[in-house]
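Enquirer: Mind having a look at this structure? Questions to follow.
The values are calculated or read from the model by the stated rules, or taken from the named source; none is laboratory data. The model shown is predicted, which means the values in this text are computed figures rather than measured ones. Here the Cβ positions follow ideal geometry from the backbone for every residue, glycine too, while neighbour counts run over all protein chains shown. These area figures cover heavy atoms from the full protein model, side chains too; ligands, DNA and RNA do not enter into them. Shrake-Rupley method; radii C 1.70, N 1.55, O 1.52, S 1.80 Å.
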Number of protein chains: 4
Amino acid sequence: MIGGKRKWFVPDGYLPSASSGDALSHEAACLLNVSDADANLRLTFYFEDRDPIGPVALTLAARRTWHVRLDDPASLDGIELPRDVPYAYTVESDVPVVLQHSRLDTSAGYTLFTTIAYGE
Amino acid sequence: MIGGKRKWFVPDGYLPSASSGDALSHEAACLLNVSDADANLRLTFYFEDRDPIGPVALTLAARRTWHVRLDDPASLDGIELPRDVPYAYTVESDVPVVLQHSRLDTSAGYTLFTTIAYGE
Amino acid sequence: MIGGKRKWFVPDGYLPSASSGDALSHEAACLLNVSDADANLRLTFYFEDRDPIGPVALTLAARRTWHVRLDDPASLDGIELPRDVPYAYTVESDVPVVLQHSRLDTSAGYTLFTTIAYGE
Amino acid sequence: MIGGKRKWFVPDGYLPSASSGDALSHEAACLLNVSDADANLRLTFYFEDRDPIGPVALTLAARRTWHVRLDDPASLDGIELPRDVPYAYTVESDVPVVLQHSRLDTSAGYTLFTTIAYGE
């Protein structure tokens, strides 16, 4: 089985600096590679008032998912995204993958959102 | 009336082990088959660090919806998905269907998310 | 300006019977008709264990939006959808429109979800 | 890299008048322009019972994102959208962009929703 697209776009990225309880506010770029080949990914981060950062090169193994924590520099080749700053990102891949973007915001409550990214 | 696609992808699956109040944290693969033929479905589950599980064979009757509880082995031909583990899944069907993925997380609050899956 | 599709599908419908505070749990089929012609809509509701209900005929005026309350029989030509029952629905239109499905669940908290429906 | 579409549609807009805590209820039209050309945008707002407002002309710089606050007249060329009123909107652009729509509702809790808009 194969399926997916090679370019994905997420306009609404935001990492709240505040958290409550034991649940850390964060976002995840949830990727799925159902193909039999590893996917070489390139992530680029866009901002409102400064030049883009990246690309960050990541590898998503064949027939695996990876919920990439966007608040974790160790997951992004050392890149630390600023908190409390609107951003956006794109993912390019050499094999078809699927991207779903999710946020957990516990800054003043406990709420999740998600959407399949825009792909082409 | 007909409509839908035969392959669907959901990258962000996660079943919290904790719940609060009377509402159990869970996810549902909400499927709709508007055609006049039963749909033979095959669900495959992907993980970050192990081989996929499946396919699980399910039947969705003609002109019916089914909100398949992903935390319920009885709905998945006996498969018990691990809790607190990132996963993803695909649904293949022999007739066009539509898939929407939803989560209720009550582990430290009460929050829903949903998205139409990626289909092709 | 024109834009949209003539067939839309929402697999995850659910009307919680419980509410808290002043906010009634409900769902809305949010429709947008940017064309210069009124849209003649037909809504059909699907269930897990019974035959579909409908079609319900509604008219969405040209260059208007309508957030159709799915818990309000007066908005659905007298149809009262059952609460606490999984359902799904489709919208057919004679001119292109766009459908976004949203839920407010206040049964044991206060949470919203939304997604653009699947269209074709 | 290029990508996106020139027409986007969001049927479910709503700005709650009430807020709780320090977090103001609001919506954002999150736009991403990955191209090397500035995007000239035109936003039009639709209602249930009155004529559309707009177009509002905005510019989104090349290789930038902009999370346009829909509750802020300063972001909308002076247009103040009514609160507690269902609305919808479209975005037209002369270069491909991507639109994701999000709401924070703190009127009686703390909840987010989001979806990639419908584009064509």
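Enquirer: I need the Kirkwood Rh of the protein assembly as shown: take the reciprocal of the average 1/r across all distinct C-alpha pairs and report it in angstrom.
Expert: Evaluated on the protein assembly as shown, it is 22.3 Å.
Enquirer: So, with +1 on the Cβ of K and R and -1 on the Cβ of D and E, and no other charges, what is the size of the charge dipole of the range D:59-118 about its Cα centre, to the nearest 20 debye?
Expert: With only Lys, Arg, Asp and Glu charged at Cβ, the dipole is about 280 debye.
Enquirer: Quote the total accessible area buried by chains C and B together, excluding ligands, DNA and RNA, probe 1.4 Å, nearest 100 Å². Let's see the in-between values first.
Expert: Numbers: alone 6630 and 6640 Å², together 10880 Å².
For chain C against chain B, roughly 2400 Å² becomes buried.
Enquirer: Along Cα-to-Cβ, 7 Å out, sits the label point; list in nm, shortest first, how far the one on C:Ala62 is from those in the other copies.
Expert: Computed spacing set for this position: 4.0, 4.0, 5.7 nm.
Enquirer: As a test question: what accessible area, to the nearest 10 Å², does C:Asp36 have when a 1.4 Å probe is rolled over all protein chains in place?
Expert: 130 Å²
Enquirer: Report ³J(HN,Hα) in whole Hz for each residue of the range D:34-43, in order, from the Karplus equation J = 6.51 cos²θ - 1.76 cosθ + 1.60 where θ = phi - 60°; Gly and Pro get x.
Expert: 8, 6, 8, 10, 4, 9, 8, 9, 10, 9
Enquirer: Give me the net charge of B:Phe47's neighbourhood, meaning all other residues with Cβ under 11 Å from the Cβ of B:Phe47; Lys, Arg count +1, Asp, Glu -1.
Expert: Every neighbour counted, the sum reads 0.
Enquirer: While we're here: In chain C, if the dipole is taken from +1 on Lys/Arg beta carbons and -1 on Asp/Glu beta carbons about the Cα centre, which of C:Met1, C:Gly54, C:Asn33 is farthest to the positive end?
Expert: Farthest towards the positive pole: C:Met1.
Enquirer: Now, a different point. Spin-label point model (7 Å from Cα, Cβ direction): what's the B:Arg83 to C:Asp51 distance in nm?
Expert: 4.2 nm
Enquirer: What gaps in nm, shortest first, separate B:Arg50 from its twins in the other copies when you place the label 7 Å past Cα toward the beta carbon?
Expert: Distances between equivalent label points, in nm: 4.1, 4.1, 5.8.
Enquirer: I'm a student and want to see the number: the projected area of the Cα convex hull of chain C, averaged over all directions, in nm².
Expert: That works out to 7.3 nm², a quarter of the Cα hull's surface.
Enquirer: So how many Å³ per residue does the convex hull of the Cα atoms of the range B:19-73 work out to?
Expert: Given the Cα convex hull of the range B:19-73, per-residue volume reads 100 Å³.
Enquirer: Continuing with this model, one more query. Express in Å², to the nearest 10, the accessible area of C:Arg69 obtained by rolling a 1.4 Å probe over the protein heavy atoms while all chains stay in place.
Expert: Per-residue accessible area (C:Arg69): approximately 80 Å².
Enquirer: Quick check for me: using +1 on Lys/Arg Cβ and -1 on Asp/Glu Cβ, what's the dipole size of the range A:5-73 about its Cα centre, in debye to the nearest 20?
Expert: With only Lys, Arg, Asp and Glu charged at Cβ, the dipole is about 440 debye.
Enquirer: Separate question: List the relative contact order of the range D:10-93 as a percent without decimals, with contacts defined as Cα pairs under 8 Å and 6+ residues apart. Please report the intermediate quantities before stating the final value.
Expert: Details: 166 pairs, mean separation 34.1, N = 84.
Relative contact order here is 41 percent.
Enquirer: So which of C:Lys5/D:Lys5; A:Lys5/B:Lys7; B:Lys5/D:Lys7; B:Lys5/C:Lys7 end up more than 22 Å apart by C-alpha?
Expert: On the way: C:Lys5/D:Lys5 16 Å; A:Lys5/B:Lys7 13 Å; B:Lys5/D:Lys7 24 Å; B:Lys5/C:Lys7 13 Å.
Beyond 22 Å: B:Lys5/D:Lys7.
Enquirer: Just the number, please: Stokes-Einstein D of the range B:1-47 in µm²/s, Kirkwood Rh from C-alpha pairs, 37 °C, 0.692 mPa s.
Expert: The estimated diffusion coefficient comes to 237 µm²/s.
Enquirer: Using only protein heavy atoms and a 1.4 Å probe, report how much of B:Tyr118 is accessible, in Å² to the nearest 10.
Expert: The accessible area of B:Tyr118 comes to roughly 20 Å².
Enquirer: Once phi is turned into θ = phi - 60°, what whole-Hz ³J(HN,Hα) does the Karplus curve with 6.51, -1.76 and 1.60 give for every residue of the range D:55-63, x standing for Gly and Pro?
Expert: Per-residue couplings from phi come out as x, 9, 9, 10, 10, 10, 5, 4, 6 Hz.
Enquirer: Which percent of the accessible heavy-atom area of the protein assembly as shown goes to carbon and sulfur, probe 1.4 angstrom?
Expert: Here it works out to 46 percent.
Enquirer: I would also like to ask the following. Given label points at 7 Å from Cα along Cα→Cβ, what nm distances, shortest first, separate A:Asp36 from the same residue in every other copy?
Expert: Counterpart label points of A:Asp36 in the remaining copies fall at 3.9, 3.9, 5.6 nm.
Enquirer: Work out from phi, with θ = phi - 60° and the Karplus expression 6.51 cos²θ - 1.76 cosθ + 1.60, the ³J(HN,Hα) of each residue of the range D:94-110, listed in order in whole Hz, and give x for Gly and Pro.
Expert: Going residue by residue, I get 8, 10, x, 9, 10, 10, 10, 10, 9, 10, 10, 10, 10, 5, 8, x, 8 Hz, with x marking Gly and Pro.
Enquirer: Largest first and in whole Å, give the semi-axes of the range B:53-120's equivalent ellipsoid, each being the square root of 5 times a Cα gyration tensor eigenvalue.
Expert: 22, 16, 12
Enquirer: On to the next question. Mind putting a number on the dipole of chain B about its Cα centre? Charges go on the C-beta only, +1 for Lys and Arg and -1 for Asp and Glu, and I need it in Debye to the nearest 20.
Expert: With only Lys, Arg, Asp and Glu charged at Cβ, the dipole is about 380 debye.
Enquirer: Write down the accessible area per residue of chain A in Å², having rolled a 1.4 Å probe over the full set of protein chains.
Expert: Details: 4250 Å² over 120 residues.
That works out to 35 Å² per residue.
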